[in-house]
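Only one structure is covered here, and it is reproduced in the block below.
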Amino acid sequence: MVCRGLLLQLHRAGQIELPPVRHVPHNPLARRRRPGPVLLDETPLEGTLSELGWLEFRQVRRTADEELFNSLLDQYHYLGYTQPVGEHLKYLVWGSGRPVACLAWSSAPRHLGSRDRYIGWSAEARRRNVRFIAYNTRFLILPWVRIQYLASHILSRMVRLVSPDWERVYGHPLYFLETFVDPERFRGTCYRAANWVVLGRTTGRGKDDQSHRPNRPIKEVLGYPLSRRFRELLGQ
């Protein structure tokens, strides 16, 4: 793909002339089908955590429940559903026989100033070890679920599960988790209650920005170490 990209750049610059395209292969990712809606029992689920009973966490990527997960995010999360790229896991949380929450985890951004300063690693260590960090891209409590402290309870349970599952799927553990919170919309109370640490804020610039000016909403960055030795493990 790198060689193909270079040839196309040279062709567009007029420095070489490529032969006419003979075949355009089908790319199923170019026009991905949007998840379809699902019909669920939307009777309000209220009460206390103890009344809700035991919560079951299911990692649903590459399972029969993945389509349900995708549909719930697309219907009820304000950002909708987008297919992750790279390493990622998807979780459905069940309580009282019904889905109550969805959580998605993906590969972390390669560079994030506030996180990198908090870890204190070198650029070389970051390039080598950023794979040991996962990013909580989506967290959804379904809108008819109204149970106090549920969100922070789920996060507290989740941090004990994601690294072992990641290692089973991808062959390596996780040492640190991170997420972004839009302060214009949310306060991130459930993350703070689950002992996540506020690391700082984003610059509001994308990874390919050339203007050095904010071009997207500025987010608050929160992190959660999964090991007391996270700085040593990530910095080596």
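The values are calculated or read from the model by the stated rules, or taken from the named source; none is laboratory data. In this text, all values refer to a predicted model and were calculated from it rather than measured experimentally. No Cβ is skipped: glycine too gets one built from the backbone with ideal geometry, and neighbour counts run over all protein chains shown.
In table form, for the structure just shown:
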read-out	value
Tabulated pairs, segment 197-226, first loosely packed, with under 14 Cβ neighbours inside 10 Å, second at pLDDT 75 or above and charged (D, E, K, R), C-beta under 6 angstrom, 6+ apart or interchain	Gly204/Arg216; Pro217/Asp182
Positions within segment 87-107 being under 11 Å from the mean Cα position of the chain (by Cα) and more than 15 Å from Arg138 (Cβ to Cβ), in sequence order	Glu87
Residues of segment 134-186 classified as small (Gly, Ala, Ser) and assigned to a loop (DSSP other than H, G, I, E, B), total	1
Residues satisfying the stated conditions in segment 1-11, i.e. assigned to a helix (DSSP H, G or I) and either in contact with a Lys or Arg (Cβ under 6 Å, 6 or more places away or on another chain) or surrounded by fewer than 10 Cβ atoms within 10 Å (Cβ to Cβ) (or both)	Val2, Cys3, Arg4, Gly5
Among (1) more than 23 Å from Leu161 (Cα to Cα); (2) part of a strand (DSSP E or B) - the single one Gly36 does not satisfy	(2)
Filter pass, Glu124 being part of a helix (DSSP H, G or I), surrounded by fewer than 15 Cβ atoms within 10 Å (Cβ to Cβ) and touching a residue at least 12 places away in the same chain (Cβ under 8 Å)	no
Single match in Phe132, Phe69, Phe57 (criterion: in contact (Cβ under 8 Å) with a residue 60 or more places away in the chain, buried (at least 19 other Cβ atoms within 10 Å of the Cβ) and not acidic (Asp, Glu))	Phe132
Phe176 vs. criteria crowded, with 19+ Cβ neighbours inside 10 Å and on the phi < 0 side of the Ramachandran plot	yes
The listed residue being exposed (fewer than 10 other Cβ atoms within 10 Å of the Cβ) and at pLDDT below 95, out of Gly14, Gly47	Gly14
